[in-house]
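Novice: The following block contains the structure, expressed as structure tokens.
The values are calculated or read from the model by the stated rules, or taken from the named source; none is laboratory data. None of these values were measured; they are calculated from a predicted model. FYI the Cβ positions are ideal-geometry reconstructions off the backbone, even for glycines, and counts take in every protein chain you see. These accessible areas exclude ligands, DNA and RNA; they are computed on the full protein's heavy atoms, side chains included. Shrake-Rupley method; radii C 1.70, N 1.55, O 1.52, S 1.80 Å.
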Amino acid sequence: MKVVLVDSGGANLGSVRYALERLGVAPVVSGDPAVITAADRVILPGVGAAAPGMARLRELDLVPTLRALDKPLLGICLGMQLLFEGSDEGEVDCLGLLPGRVRRMQPAAGLRVPHMGWNRLKPLGDSPLLEGIPDGAQVYFVHGYAAPVDANTVASSEHGAPFAAVVQRGKVAGAQFHPERSAAFGARLLANFIQRGL
């Protein structure tokens, strides 16, 4: 099983790698299109803003590689947001692997944006990623933008309004939360992705 972490420049790259190593997986960190294409599983991590994230992927010439990938792909945090058609954060076009647009979260009474901290998952659909993760499982979020809940949302969460927490469409999936910082349930999602695929 060859697992590749896309070298997207995100600050969570190291922590995702360590989370996988705790599961007995030795991922390859690479920005090489040939290495990514040859992988059995590909993970796109990311922290920060959409425009620099897409600029990094363009700089590495990875946009066509990721768009053409026929292996299971998991985006994490910003990596998940880059899977969509576009983001209001910098008015940027993204990878277009999932329909829809990522929008800024709206503050509400008693709720701050960015959304930071532990929050509950509400399963909405069937996905191998959610095997063994119960309704109400608490996971760790850090984000100010979010994707809408739609037909590809397999788990939602809520911060003022519902948003997509886990998405899947065919072999493309994403987690808005940080599985590498979400204790047992985050580790389970990563293990499900590695062991079961999509």
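Novice: Give the residues of the stretch 120-160 that are under 16 Å from the mean Cα position of the chain (by Cα) and polar (S, T, N, Q), sorted by residue number.
Specialist: Ser127, Asn152, Thr153, Ser156, Ser157
Novice: May I ask you to list the residues in the stretch 58-79 that are in contact with a Leu (Cβ under 7 Å, 6 or more places away or on another chain) and open to solvent by 30 Å² or more (accessible area, probe 1.4 Å)?
Specialist: Arg67, the sole residue that qualifies.
Novice: If you don't mind, there's one more thing I want to ask. Determine whether the stretch 175-190 contains at least one residue that is assigned to a strand (DSSP E or B), within 21 Å of Arg41 (Cα to Cα) and open to solvent by less than 60 Å² (accessible area, probe 1.4 Å).
Specialist: Among the residues of the stretch 175-190, at least one is assigned to a strand (DSSP E or B), within 21 Å of Arg41 (Cα to Cα) and open to solvent by less than 60 Å² (accessible area, probe 1.4 Å), which makes the answer yes.
Novice: Continuing with the same structure: Taking the stretch 78-126 on its own, how many of its residues are under 19 Å from Leu198 (Cβ atoms) and modelled with pLDDT under 95?
Specialist: Total meeting the criteria: 2.
Novice: Let me ask another. Given the conditions (1) within 22 Å of Leu129 (Cβ to Cβ); (2) in contact with a Cys (Cβ under 9 Å, 6 or more places away or on another chain), which single one is not true for Val3?
Specialist: All conditions pass for Val3, except number (2).
Novice: Tally time: how many residues in the stretch 106-121 are open to solvent by less than 50 Å² (accessible area, probe 1.4 Å) and assigned to a loop (DSSP other than H, G, I, E, B)?
Specialist: Number of matching residues: 2.
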